[in-house]
Amino acid sequence: MESRVLTSELKSQIGQEIDLVHEGVDRFRVLTPFRFTDGDGLGIVLKRDTSGWTFTDEGHTFMHLSYALDARDLQDGNRRQIIEGVLSSFGVTERNGELVLPTDALGVRLGDGLFSFVQALLHVTDVNYLSRERVRSTFLEDFKSFVRGHAPEGRASFDWHDATLDPDGHYPVDCRLNGAGAPPLFMFAIPGDEKCSVATIAIMYYERAGLAFESLAVFEDMARINRKALARLTDVVGKQFSSLAGNQDRFAGFIGDHVVLTAP
Amino acid sequence: MEPKHLHFDYRDRIVPKTKVGAHFQRDVEVRGEGGSEFVIIARQSAINPIDFSIILAVVPQDSYVRFRLRRYNGKAHPHRNHLEGGPRFYDFHIHMATERYQLSGDDEDTFAEPTDRFGSFDRALECFVDDCGVILPTDMARAVRLFE
């Protein structure tokens with residue numbers, strides 16, 4: 001096929017995917033093929049205000065993110081910094097949760113403005129994942145620090161493995177909370193899918209070996225774990241906390257209860 | 001669907017009133033007759049009143065995952081069911097959890113169908129109550145029927 005024909009066909013097909021729906025005076029809904037992970041398209045409106053023609057999401061993007069994420073998480077910290085960087089890169093500004101790109105005020109052509117606006121919205125929806133990756137390196141340390149702060153001196157053994165049943169350390173336990181006179185508590189810190197599977201295997205290994213123990217998993221963010229990996233761990237683990245940050249009181253209480261129940 | 005008894009005025013408790021950015025939000029936890037834990041997630045744009053979402057999610061035992069079973073969406077974005085290859089539509093619509101979309105790696109409630117049963121948040125909430133096994137206090141149910 002000639003490049004001229006290919007170009008024409010491509011332009012035609014792309015053009016058909018962009019549509020405007022008239023919704024009142026100087027206001028149009030912009031339909032594009034770009035979507036969130038649940039199949040819903042991006043919410044985009046083109047309307048004329050005091051600064052001229054402006055693309056706006058009318059707050060839809062942050063609202064959509066709030067289905068699964070606490071909207072307050074977007075207001076500060078790493079996520080806020082990343083969002084601001086994304087918006088700045090594409091000339092988009094935020095007005096109390098509404099994302100806008102004023103094309104006339106910026107001297108931007110409508111087509112270019114739409115591409116920039118779409119890219120900005122897509123990057124914003126990705127930001128949760130990116131920010132979690134960025135802070136992941138501190139999660140295990142946060143976990144250990146928290147347990148150290150709430151377990152009595154000498155009762156917690158980190159990066160533990162059973163010297164007899166697992167001399168090579170193939171089935172590590174992030175923290176074994178000593179329960180003299182009662183089963184110990186095996187705790188696993190889960191930052192991602194791989195660790196989720198490793199924890200599942202370790203629990204099953206010690207169960208099959210006949211070791212008496214209780215188990216607990218703390219996720220960096222349970223919502224980001226692959227469903228199948230999570231289902232397998234759920235089948236074998238005793239207690240789960242979906243995140244460390246949001247469950248510190250409950251987690252501390254659980255450690256405290258275990259220590260009391262298993263006190264020598 | 002597992003019955004869920006509400007022992008309160010559901011309009012006051014579910015209609016989102018807390019403003020976060022450019023939308024209002026409210027999450028209400030409800031226990032089903034069989035003991036399952038559900039959460040009703042309500043969102044409504046402060047800018048465009050027909051941009052809303054009313055979600056029924058179940059929280060599996062011993063977890064904090066919110067698995068979205070149904071989602072009643074306003075008319076503020078297009079949708080396409082990409083596995084079926086159907087046309088894009090722009091209308092009020094209802095999402096529902098399906099096994100096929102989960103198996104394909106999509107969100108559980110990716111599949112959606114357009115609907116003409118509601119055109120406002122309030123009417124969508126009534127459809128939600130009708131469809132999702134929500135059982136209102138007797139007086140409230142009577143009032144809703146009279147209202148219709």
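Of note:
- Using a Förster distance of 41 Å, the FRET efficiency for residue A:106-residue A:3 (Cβ separation, nearest 0.05): 0.80
- Projection of the Cα convex hull of the range A:172-264, averaged over all directions and equal to a quarter of that hull's surface, yields 5.6 nm².
- Stretching residue A:194 away from residue A:22 to a fully extended chain increases their span by 57.1 nm, per 0.36 nm per residue minus the current alpha-carbon distance.
- With a Cα cut-off of under 30 Å and a minimum spacing of 8 residues unless on different chains, the lysine pairs in the protein assembly as shown number 18.
- Applying 1/(1 + (r/R0)^6) with R0 = 60 Å to the Cβ-Cβ distance of residue A:51 and residue A:163 gives a FRET efficiency near 0.30.
- Chain-alone versus full-assembly comparison, the range A:213-253, residues with accessible loss of at least 40 Å² (1.4 Å probe): A:222, A:227, A:240
- Here the calculated FRET efficiency for residue A:201 and residue B:123, from their Cβ-Cβ distance with R0 = 56 Å, stands at 0.65, rounded to the nearest 0.05.
- The fraction of Cα-Cα pairs per 5 angstrom bin, counted from 0 for chain B, comes to 2, 9, 18, 21, 21, 16, 9, 4, 1, 0 percent, rounded to whole percents.
- Where a label projected 7 Å from the Cα of residue A:209 along Cα→Cβ would reach, residues of the range A:162-196 with amide N under 15 Å: A:162-177, A:184-187
- Angle between chain A longest axis and helix A:139-150 axis [Cα atoms, degrees, rounded to 10]: 40
- Between A and B, accessible area buried - total, square angstrom, nearest 100, 1.4 angstrom probe: 3000
- Helix-only CD estimate at 222 nm, as mean residue ellipticity for chain A, using -39500 (n - 2.57) per DSSP H run (n ≥ 4): -14000 deg cm²/dmol
- Listing of the range A:78-104 residues, each with accessible area lower by at least 30 Å² in the full protein assembly than in the chain alone (probe 1.4 Å): A:96
- Summary of the geometry: the range A:198-239 and the range A:1-27, compared by the centres of their Cα atoms, lie 50 Å apart.
- Of all accessible heavy-atom area on the protein assembly as shown, the percent that carbon and sulfur account for (1.4 Å): 50
- The C-alpha radius of gyration of the range B:1-80, expressed as a fraction of 2.2 N^0.38 Å, stands at 1.17.
- Note that the range A:1-98, at 25 °C in a medium of 0.890 mPa s, gets a Stokes-Einstein diffusion coefficient of 154 µm²/s from its Kirkwood radius over C-alpha pairs.
- Once the 1.4 Å probe is applied to the protein heavy atoms, the protein assembly as shown comes out at 49 Å² accessible per residue.
- Neighbourhood charge, 11 Å Cβ-Cβ cut-off, centred on residue A:144 and excluding it, Lys, Arg +1 and Asp, Glu -1: -3
- Surface/4 estimate of mean projected area, convex hull on alpha-carbon atoms of chain A, nm²: 20.2
The values are calculated or read from the model by the stated rules, or taken from the named source; none is laboratory data. Small disclaimer: the values here were computed from a predicted structure and weren't measured. Positions of Cβ are generated from backbone atoms using ideal geometry, with glycine treated the same way; all protein chains shown enter the neighbour counts. These accessible areas exclude ligands, DNA and RNA; they are computed on the full protein's heavy atoms, side chains included. Shrake-Rupley method; radii C 1.70, N 1.55, O 1.52, S 1.80 Å.
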